[in-house]
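Just below is one structure, and these are the notes that go with it.
Read the figures in this text as sums done on the coordinates, not as results from a lab. Everything numeric in this text was worked out from a predicted model, so none of it was measured. All Cβ positions, glycine included, derive from the backbone under ideal geometry; neighbour counts span all protein chains shown.
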């Protein structure tokens, strides 16, 4: 099996072996979980669960993917007994409050980071990260940071290959997302090997910058691939943001993690043929960000909710 095939398989199944701590949200430093001796697994929405109860509990104002995570946790569909959640969005916060009442057998940990780059905000975030490290029993956090940075250092190479048309959009998302279910050292090894397997195929395709809602699965990416376009960059937290930047290895590790995750890594994507904002049901607030995105990009943004609207956007 090639490294690319292995990463695809990991992304498709997304599970872990041994003691596993699940986490939800973009603010959670998985370094602390691995430094605590557990596998870190970012919980992706499950398609094989009944969401009737979760839909009723959280309501239509919470994105469907978060309701699926709640349903999966209530059904015991994830191999976890501990879950770390954060305040990266109101959706995640409402998931946390629901789980506190409805899932007493799951140990819940909560991380609240501030995202203003001010000394007082960084001091607050550092304290919360140190508390989480204590709760997880994290040791040798410096080593965990160095190991995770090995994969982050490969991010620019993957980005260049995507812009050059060397990787399909769905494959790129799988290569990125597999890192949320693999030990950091193994992920860096597979990612480096997979990058060596990729090469432009010469087929002309329209390039797409994808904005809007989160994409924890490759459905929209695969649909665009089939329509003759390719997502070459995105702004959501399951994409290039996973490898964006590096955690500082030179100083206090808790300060470094506070700065990195408090800044919410966000790639600065280059130009694409078309900009599409995918808006999922229950995620209407993402539309509020689009005027600023239009100003930042200086380009039109097409809003899409259906495959037909995707087709129209790239026509």
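Here's the picture: a label point sits 7 Å out from the Cα of residue 101 along the beta-carbon direction, and within the stretch 51-91 the residues with their amide nitrogen under 14 Å of it are 54-59.
Here the label points at residue 248 and residue 264, each 7 Å from Cα along the C-beta direction, are separated by 2.1 nm in the simple model. Between residue 315 and residue 134, the modelled labels are 6.0 nm apart [label points 7 Å from Cα along Cα→Cβ]. Averaging 1/r across all pairs of distinct Cα atoms in the stretch 14-141 and inverting the result yields a Kirkwood radius of 15.1 Å. With contributions of -39500 (n - 2.57) from each DSSP H run of at least four residues, the per-residue ellipticity at 222 nm computed over the chain stands at -13500 deg cm²/dmol. Remark on the stretch 95-191: hydrodynamic radius 16.6 angstrom, per the Kirkwood mean of 1/r across alpha carbon pairs. For the stretch 251-281, the residues whose backbone nitrogen is under 13 Å from a point 7 Å from the Cα of residue 206, taken along Cα to Cβ, are 272-277. For the chain, the C-alpha radius of gyration divided by 2.2 N^0.38 Å, with N the number of residues, is 0.97.
When peptides 129-142, 85-98, 29-42, 223-236 are ranked by their average number of other Cβ atoms within 10 Å per residue, the highest-first order is 29-42, 223-236, 85-98, 129-142.
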